[in-house]
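The block underneath contains the structure these notes are about, expressed in structure tokens.
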Amino acid sequence: MSTRSSLATTSTFDASSHWELSSAVSLRDEEFGALAYHHGNRRLVFLKSRDLVNLVRQLSEYDSAQKALDALIDAREHERYLVALSSLASSELLRGG
């Protein structure tokens, strides 16, 4: 993934804001991570890592997505997880900002 495409994807996601899993979303643990289902827009999303699932579940406990990343994810992986969070926000699985 190029930095250019990553920055374009995350440009609308404000990591300095508080984010949380939408109340319309159910998570079901799977071996690969989890399935996320939005009961409103009927969107099904595969969360392909346990770390991402843990991050999404714990986002609401932090003042910002960045603080959650700092606490839960290795710094070398932050960009990748910011892209994932941005995608989840654009799919309405996360609310906040």
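Here's the yes/no breakdown for (1) within 14 Å of Phe13 (Cα to Cα); (2) in a loop (DSSP other than H, G, I, E, B); (3) more than 11 Å from the chain's Cα centre (by Cα); (4) not aliphatic (A, V, I, L, M):
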{"position": "Leu35", "(1), (2), (3), (4)": "no, no, yes, no"}
{"position": "Leu55", "(1), (2), (3), (4)": "no, no, no, no"}
{"position": "Gln58", "(1), (2), (3), (4)": "no, no, no, yes"}
{"position": "Asp63", "(1), (2), (3), (4)": "no, yes, yes, yes"}
{"position": "Arg80", "(1), (2), (3), (4)": "yes, no, no, yes"}
{"position": "Ala84", "(1), (2), (3), (4)": "yes, no, no, no"}
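Each row is one residue, and each column tells you yes or no for (1) of a type in the set (Phe, Trp, Tyr); (2) more than 19 Å from Leu27 (Cα to Cα).
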{"residue": "Tyr62", "(1), (2)": "yes, yes"}
{"residue": "Ala68", "(1), (2)": "no, no"}
{"residue": "Ala71", "(1), (2)": "no, yes"}
{"residue": "Ala84", "(1), (2)": "no, no"}
{"residue": "Leu94", "(1), (2)": "no, no"}
{"residue": "Gly97", "(1), (2)": "no, yes"}
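If you filter the range 40-55 down to residues that are of a type outside the set (S, T, N, Q) and surrounded by 15 or more Cβ atoms within 10 Å (Cβ to Cβ), you find that the one that is farthest from Gln66 (Cα to Cα) is Val45.
The set of residues in the range 1-30 being surrounded by fewer than 16 Cβ atoms within 10 Å (Cβ to Cβ), of a type outside the set (Gly, Ala, Ser) and at pLDDT below 95 consists of Met1, Thr3, Arg4, Leu7, Thr12.
The values are calculated or read from the model by the stated rules, or taken from the named source; none is laboratory data. Since the structure is predicted, the reported quantities are computational estimates derived from the model, not experimental observations. When we count neighbours, we look across all protein chains shown, and the Cβ atoms used for this are built from the backbone with ideal geometry, even at glycine.
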